[in-house]
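The values are calculated or read from the model by the stated rules, or taken from the named source; none is laboratory data. Treat the numbers as computed from the prediction; the structure is a model and nothing was measured. Virtual Cβ from ideal backbone geometry, glycine too; neighbours counted across all protein chains shown.
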Amino acid sequence: MSVPVRRLAIVTPVKPAPPTERSAVRTLLRLWPYVRPARARLVIAALVAVLASCVGLVIPLVLKWMVDGPIASGDTGGVWLGALWLLLLGFAEALLFGLRRWLVARPLSHVEASMRADLYRHLQRLPVAFHDRWASGQLLSRGTTDLMLLRMFLAFPLTFLFVNAVTILVGVVIMLLQDWTLGLVVLAPTVPLVVLCVAFETRYARVARLSQDQVGDLTTVVEESVLGIRIIKGFGRHRSQARVFRDLARNLRGTELRKARLLAMIWGVIVTLPEIAIAVALVVGAVQVADGALSAGTLVAFLSTALALRWPVESIGFLLAMSQEAATATARYFEVMDEEEEGAGADARGTGGRTGRGAASAGAAVKAGGVLGGAPGAADDDRARDAGGAGASAEAETGGALVEAAGASGGGPGPAGAGGGGRAGAGVSGGAGDGLRFEGVWFRYPDAGAEDPPVLAGVDLHIRAGESLALVGATGSGKTTLTALVPRMYDVSGGRITLDGEDIEGMTREELRARVAVAFEEPTLFSATVGENVLMGAVDGEGDLARALDVAQASFVHDLPRGVDTEVGEQGLSLSGGQRQRLALARAVVGRPAFLVLDDPLSALDVHTEAAVEAALRHVLADTTALIVAHRPSTVLLADRVALLSEGRVKAVGTHQELLRTNAEYAHLMAGAQDTGDTGRSDPAPPAPHDALTPRAQEDARR
Ligand SMILES: Nc1ncnc2c1ncn2[C@@H]1O[C@H](COP(=O)(O)OP(=O)(O)OP(=O)(O)O)[C@@H](O)[C@H]1O
């Protein structure tokens, strides 16, 4: 039994880069909402940088004045004055650049932080189906490396592409004014440079995207290796895992080298062409000075200006490269941000498991005709709830019982239409106190192929208020999937689920999660204290911690170094599997939920602890409506009735003994469980003497 988590893959394939429909500029413009609050500072910083660059351009003019004036006339005082001006100008330039940096540092770190916070918030709200699809490393790299690239872009290339453009323009005007023929010589490489830069940008965009995706894949492997270190060590998979890592690292290195080659090429061209032009201008200028057509001071000023423009021109190559990487990072960031969040209520249909619509037509028909028909596409929660309530009461009038009518007979609704029609006719939902109902529920995972059969194909099941029902089925029959639909980890593809007659899709997430608590076989704990982990199950973080620990037989926490205040470490790996499961169970019951969904929550416990937990759980279950996935007869016996899930439908419902007698498939499944050591006892077996147990079981039993 497993929580439906992302399918395990040692290497997650690179997410293919979407076609680059947007230009880099249009992509980068999407950053505007984040940059907006910092706009004033950015503009001031850019103006300060332009001023600093222009101050730099005045230096050649002072040189010209010195060469043609004080130096030519031997005026020592004038030379000192010129030198002082040069010193002041250089100092002012440095000061202004420092000011620019100071102006942007704080607001830009704020931009990065708020983008990261938004990404995190969004990730929390994306449906489970999204997380099934996306490798965690891809998400991590978007939240770290990509955002760092964006901050660097906003701090540097964004300003300097503008500043350098203005500087080059002013410098070119100064050169043309000094000697237009020399100016034209220096300007000659402009056209080939622009053409080359455009070609470079296109090629670099592709490689930059590949590299950033590969960083994401590498992050995934590192993360999986760290989290799965026990498996890797246990199975001696160091070498194969290292090989996977090496291959990905080699690919990334190859891509980085391609980036470096492209950069080297463009930089080489950007540096060489202007240098050649300056050299030609120097020769032509020297000839003109020799001919007396140009003053030496003008030539010095011209060449100094040309040299002052070298850096703004040369830097364009890597500024473009950084901008391109920022555009890719922006695209990657918004690929995640553009994913639709789980909605709060009825209008949220379609967020999770909605891609299997085709096979879901029967259930959809039920929904359209019966329950939400009165308010299709209800725009807000209240309207949707009204619609759900109306549907529920309308159905209540028709009388009858779903499970008994359709499920127990084994003749569930057919795949297309029959089920919908049947359900619509026989559809019955009570109001308050109706318990938990699955009505013609269809489900297909969003990433399933169109030809794959749905996991659930018209499930009808009614768990009466206060009743506990065990769900039994062969492995892969869809038990975990069915339980995941109740807290809306996925949305049904068709049909509906009601709590006390109210469609769960008409409820807000908060409302739903306040009423339903879940515990899975694979318990997930967080890096927090035991108490915090358990109290996560209570709506407001408040609950009867002691009672919950008692129900889950988790008294072992009192033996931990700091009791309930003990930190459990990352994923609670410092605890045993059984201890983690008991904490997860405590978390499920701490909020005293009206509905409890337990996915084989006792599988890791030894028989005696299981018996003790079951005894305590019986009291909780007495006033809770519970759906319990069970593999073992002992867990089945916790429940009032049992439902057999097979081929996507509920094939039989009854008590354990009834089904053992009347249903061969059920008897077979339970016989299998007994063969593997379970007794199928109707009461918890008396604890065996401690010395008959494994050391872990003995320890657990003692506790
Ligand atoms: N996230 C997912 N994406 C796509 N298919 C999935 C996903 N999770 C489960 N499945 C598929 O859905 C089917 C039902 O799986 P599910 O985990 O619900 O079965 P189960 O009855 O709980 O099995 P078990 O008893 O082994 O845990 C399986 O065929 C499984 O491969």
Residues that are hydrophobic (A, V, I, L, M, F, W, C), more than 8 Å from the ligand (Cβ to nearest atom) and surrounded by 19 or more Cβ atoms within 10 Å (Cβ to Cβ), drawn from region 446-485:
LEU456, ALA457, VAL459, LEU461, ILE463, LEU469, ALA470, LEU471, VAL472, LEU485
From the list LEU499, LEU549, which one is more than 29 Å from the chain's Cα centre (by Cα), farther than 16 Å from ILE628 by Cβ, touching a residue at least 60 places away in the same chain (Cβ under 8 Å) and more than 16 Å from the ligand (Cβ to nearest atom)?
LEU499
Extreme residue, surrounded by the most Cβ atoms within 10 Å (Cβ to Cβ), among residues of region 429-445 that are away from the ligand (no atom under 15 Å from the Cβ) and among the aliphatic types (A, V, I, L, M):
LEU436
Find the residue count for region 615-641, including only residues that are within 37 Å of the chain's Cα centre (by Cα), more than 18 Å from VAL516 (Cβ to Cβ) and not hydroxyl-bearing (Ser, Thr, Tyr).
4
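May I ask you to list the residues in region 486-496 that are in a loop (DSSP other than H, G, I, E, B) and either within 10 Å of the ligand (Cβ to nearest atom) or of a type outside the set (Lys, Arg) (or both)? If you could, list the steps in order and put the result at the bottom.
Of the residues in region 486-496, the ones in a loop (DSSP other than H, G, I, E, B) are 486-493.
Once the filter is applied, which keeps residues that are in a loop (DSSP other than H, G, I, E, B) and either within 10 Å of the ligand (Cβ to nearest atom) or of a type outside the set (Lys, Arg) (or both), region 486-496 yields VAL486, PRO487, MET489, TYR490, ASP491, VAL492, SER493.
Please count how many residues of region 64-73 are surrounded by fewer than 20 Cβ atoms within 10 Å (Cβ to Cβ), touching a helix residue (DSSP H, G or I) at 6+ places or on another chain (Cβ under 7 Å) and not aromatic (Phe, Trp, Tyr).
Step one: list which residues in region 64-73 are surrounded by fewer than 20 Cβ atoms within 10 Å (Cβ to Cβ), which gives 65, 67-73.
Applying the additional criterion that residues be touching a helix residue (DSSP H, G or I) at 6+ places or on another chain (Cβ under 7 Å) yields 65, 67-71.
Still in the running and not aromatic (Phe, Trp, Tyr): 67-71.
Total satisfying the criteria: 5.
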Determine, yes or no, whether ILE278 is surrounded by 14 or more Cβ atoms within 10 Å (Cβ to Cβ) and closer than 14 Å to ARG310 by Cβ.
yes
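Tell me the residue from TRP102, TRP32 that is at pLDDT 90 or above, more than 16 Å from the ligand (Cβ to nearest atom) and loosely packed, with under 13 Cβ neighbours inside 10 Å, please.
Values: TRP102 fails: at pLDDT 90 or above.
None of the other options fit; the residue is TRP32.
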Can you name the number of the only condition in (1) closer than 26 Å to THR475 by Cα; (2) more than 16 Å from the ligand (Cβ to nearest atom); (3) part of a helix (DSSP H, G or I) that ALA626 fails?
(3)
